[in-house]
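*Asks:* Structure incoming, see below.
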Amino acid sequence: MSLLHHSAAALLDLLKGKQITSVEIVEAHLAQIDRHDGEVHAFLRVDRQRALDQAAAIDLRRQRGEPVGALAGLPVAVKDLLCDQNELCTCGSRMLETFRPPYDATVVARLKAADAVLIGRTNMDEFAMGGSGENSAFGPTRNPWDRNRIPGGSSSGAAACVAAAMAPLSIGSDTGGSIRQPSGLCGVTGLKPTYGRVSRYGLVAFASSLDQLGPLAGSAEDAAILLEVIAGHDPRDATSIDAPVPRYSELVRQPLTGLRLGVVREHFGAGLDPEVAAAVETAIDVYRSLGATICDVTLPHGRYGIATYYIIAPSEASSNLARYDGAHYGYRTDEASMMAELTAEQKQVQAAGDEKALGQLDSPLVRMYRRSRAEGFGPEVKRRIMLGTYTLSAGYYDAYYLKALKVRRLIAQDYETAFGQCDMIIGPVAPTPAFKLGEKSDDPLAMYLVDLYTVGANLAGIPGISIPCGRSKEGLPIGLQLQGPALAEDRLLRAAHMFQQAAVWHKARALT
Ligand code: GLN
């Protein structure tokens, strides 16, 4: 079997047994990237030399019998929104095209401390805003299962690179579904942890009360290995949870007994593709055969999830993105562009230097801000900034933002009630399999509706995992979502692993 089809767990065993070197593993994945990434475009940058040097250094240490970290020698791809000291971090945006952070994100520091090989930076929707991967300023990622289709987003490259066997593990971020939805559409396993489980320090913020980092992998077992490394308290992130990190990598293999799964019947109504519904029903049967009991639960405020999310996320984004003005951070326009903004009449005023008339014009600083933002941000980011600025403005704040916060609370309470009746909620991740590139580009609302089943977990701060559970007639992966109460990552991983022992959808890779 090719190295590319081994799980991360198996590769780590081979490395420990000295049956294989990290250089061999990295070379195999780099070759796969060379073969396919021209088309898939999962990566924005691959630093071959750095990856090979890291791998060689770890091999040497292992040879000498020196202690090595938990991921020693294993390639991990990182979404291009986590700071890695002095390395480019673009967030899929022209705005940050040349940004080199002066420090490491905590997750990156933990990966380095675990001796992971940072193989490359993955493509993403600009500032993580999107659900298709098409909003990257550097061109879309394509679904490795069908290059005419989207891989999902915003962690488009993070999901596609695992699906295409270009990396065994990757890190994504999830604000409203961005780990789970692309995982579902690409047939990989992706976990959004509890809000605060993984440090956000050094993550370029989109919506700070919703953002969470997490693992994407080929299986629940592999996701557990990666989560164990990145999770944990961080004094640099005030929202990080100060609770010990369970040994996910060991716990994952312990089956759950007496598992009670809740099905939200509302989720099987309008908008759900029949093939997705059928695959999820079959997955529920698998759990039944594994001894789980299934009950119906309800999330009565779930229908307001999209509306609530698309007020809160843009509100926070409009505030977080205010720093990109060409002076504090980000792309700065040039003089010619600022001049081009002026009308002929205004140019005359400027040339004449008439102080009083000049006072009527916007100052050069304001024009610089305006041009920089107009040129640096793409259309979806601008749409969010405008929406968020509106919902936060005096007069609308109470009607929109404050109201949304109240509904958010009700949504969280719905989950609390539901988890009184079941251990976890089982259902779809995305309403349809991957759609065609361009299919929803002109219809932002249709794009937002894709997030129907995923935004709830972010609004409530609870964990959710997406695992492959079937294939459409056209051969496209279908995802299953499990959601649990806060800090139930271990239980979600165990339930996912039980499923993956019984059904092997997760083993298939799109490309060989
Ligand atoms: N698709 C959602 C959005 O566009 C979620 C994005 C995310 O989780 N980063 O906001």
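*Asks:* Hey, could you check the stretch 203-217 for residues that are within 12 Å of the ligand (Cβ to nearest atom) and part of a strand (DSSP E or B) and say which is surrounded by the most Cβ atoms within 10 Å (Cβ to Cβ)?
*Replies:* G214
*Asks:* Can you say whether A307 is within 18 Å of A503 (Cα to Cα) and either more than 16 Å from the ligand (Cβ to nearest atom) or out of contact with any Gly (no Cβ under 9 Å at 6 or more places or on another chain) (or both), as far as the supplied structure shows? I'd like the intermediate steps shown before the answer.
*Replies:* Numbers: within 18 Å of A503 (Cα to Cα): no; either more than 16 Å from the ligand (Cβ to nearest atom) or out of contact with any Gly (no Cβ under 9 Å at 6 or more places or on another chain) (or both): yes.
Answer is no for this residue.
*Asks:* Restricting attention to the stretch 259-278, does a residue exist that is surrounded by fewer than 22 Cβ atoms within 10 Å (Cβ to Cβ) and within 16 Å of the ligand (Cβ to nearest atom)?
*Replies:* Yes, because at least one residue in the stretch 259-278 is surrounded by fewer than 22 Cβ atoms within 10 Å (Cβ to Cβ) and within 16 Å of the ligand (Cβ to nearest atom).
*Asks:* Moving on. Sort out for me the helices (runs of 4 or more DSSP H) sitting completely within the stretch 1-95 that have 3 or more residues that are hydrophobic (A, V, I, L, M, F, W, C) and at positive phi. Quick ask: steps written out before the conclusion?
*Replies:* Details: elements: 8-16, 22-40, 48-63.
Per the criteria, no element qualifies.
*Asks:* For A224, which of the numbered conditions (1) within 20 Å of the chain's Cα centre (by Cα); (2) part of a loop (DSSP other than H, G, I, E, B) fails to hold?
*Replies:* Result: A224 passes all but (2).
*Asks:* Being crowded, with 19+ Cβ neighbours inside 10 Å and either without any contact (Cβ under 8 Å) to a residue 24 or more places away in the chain or in a helix (DSSP H, G or I) (or both) is the filter here, so list the residues in the stretch 287-303 that pass it.
*Replies:* Pass one, the stretch 287-303, residues crowded, with 19+ Cβ neighbours inside 10 Å: 287, 292, 297, 299, 301-302.
Passing the criteria: Y287, H301, G302.
*Asks:* Is there any pair with a first residue in the stretch 432-448 that is in contact (Cβ under 8 Å) with a residue 40 or more places away in the chain and a second that is assigned to a helix (DSSP H, G or I) and surrounded by fewer than 17 Cβ atoms within 10 Å (Cβ to Cβ) whose Cβ atoms are under 7 Å apart and which are 6 or more apart or on different chains, and what are they?
*Replies:* Filtered contacts from the stretch 432-448: K440/A446; P444/R383.
*Asks:* Something else now. Consider G120 against the criteria (1) in a helix (DSSP H, G or I); (2) more than 16 Å from the ligand (Cβ to nearest atom): it satisfies all of them except one. Which criterion is unmet?
*Replies:* Only one criterion in (1) in a helix (DSSP H, G or I); (2) more than 16 Å from the ligand (Cβ to nearest atom) is unmet by G120, namely (1).
*Asks:* Name the residue, out of A457, A404, A412, that is within 16 Å of the ligand (Cβ to nearest atom), closer than 22 Å to G269 by Cα, part of a helix (DSSP H, G or I) and in contact (Cβ under 8 Å) with a residue 40 or more places away in the chain. Don't jump to the end; show me each part of the working.
*Replies:* Numbers: A404 fails: closer than 22 Å to G269 by Cα; A412 fails: within 16 Å of the ligand (Cβ to nearest atom).
Every option except A457 fails the conditions.
Okay, residues lined up against (1) under 27 Å from S7 (Cα atoms); (2) more than 15 Å from the ligand (Cβ to nearest atom); (3) surrounded by fewer than 24 Cβ atoms within 10 Å (Cβ to Cβ); (4) of a type outside the set (F, W, Y):
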{"position": "E66", "(1), (2), (3), (4)": "yes, yes, yes, yes"}
{"position": "G69", "(1), (2), (3), (4)": "yes, yes, yes, yes"}
{"position": "K79", "(1), (2), (3), (4)": "yes, no, no, yes"}
{"position": "L82", "(1), (2), (3), (4)": "yes, no, no, yes"}
{"position": "R94", "(1), (2), (3), (4)": "no, yes, yes, yes"}
{"position": "R100", "(1), (2), (3), (4)": "no, yes, yes, yes"}
{"position": "D115", "(1), (2), (3), (4)": "yes, yes, yes, yes"}
{"position": "A128", "(1), (2), (3), (4)": "no, no, no, yes"}
{"position": "D146", "(1), (2), (3), (4)": "yes, yes, yes, yes"}
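So that you can scan it fast, the table gives a plain yes or no per residue for (1) assigned to a loop (DSSP other than H, G, I, E, B); (2) touching a strand residue (DSSP E or B) at 6+ places or on another chain (Cβ under 8 Å); (3) within 16 Å of the ligand (Cβ to nearest atom); (4) of a type in the set (S, T, N, Q):
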| residue | (1), (2), (3), (4) |
| --- | --- |
| L365 | no, no, no, no |
| Y369 | no, no, no, no |
| A374 | no, no, no, no |
| I385 | no, no, yes, no |
| T391 | no, no, yes, yes |
| G395 | yes, no, no, no |
| D398 | no, no, no, no |
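*Asks:* Another question, if that's okay. Here is a list: L511, L452. Which entry is in a loop (DSSP other than H, G, I, E, B), surrounded by fewer than 24 Cβ atoms within 10 Å (Cβ to Cβ) and over 20 Å from the mean Cα position of the chain (by Cα)?
*Replies:* Details: L452 fails: over 20 Å from the mean Cα position of the chain (by Cα).
Just one listed residue meets the conditions, L511.
*Asks:* Output the residues belonging to the stretch 148-202 that are of a type in the set (K, R), more than 12 Å from the ligand (Cβ to nearest atom) and farther than 15 Å from L81 by Cβ.
*Replies:* Pass one, the stretch 148-202, residues of a type in the set (K, R): 149, 180, 192, 197, 200.
Remaining after also requiring more than 12 Å from the ligand (Cβ to nearest atom): 149, 197, 200.
Scanning the stretch 148-202 gives R149, R197.
For every residue, the table says whether it meets (1) aromatic (F, W, Y); (2) in contact (Cβ under 8 Å) with a residue 60 or more places away in the chain; (3) surrounded by 12 or more Cβ atoms within 10 Å (Cβ to Cβ); (4) within 17 Å of Y324 (Cβ to Cβ).
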site	(1), (2), (3), (4)
E345	no, no, no, no
V349	no, no, yes, no
V366	no, no, no, yes
E375	no, yes, yes, yes
T391	no, yes, yes, no
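*Asks:* Could you check A336 against (1) small (G, A, S); (2) modelled with pLDDT under 95; (3) in contact with a strand residue (DSSP E or B) (Cβ under 6 Å, 6 or more places away or on another chain) and say which number it fails?
*Replies:* Checking A336 against (1) small (G, A, S); (2) modelled with pLDDT under 95; (3) in contact with a strand residue (DSSP E or B) (Cβ under 6 Å, 6 or more places away or on another chain), the one that fails is (3).
The values are calculated or read from the model by the stated rules, or taken from the named source; none is laboratory data. From a predicted model like this one, the values you see are computed outputs, not experimental measurements. Please note: Cβ atoms are built from the backbone with ideal geometry, for glycine as well, and neighbour counts cover all protein chains shown.
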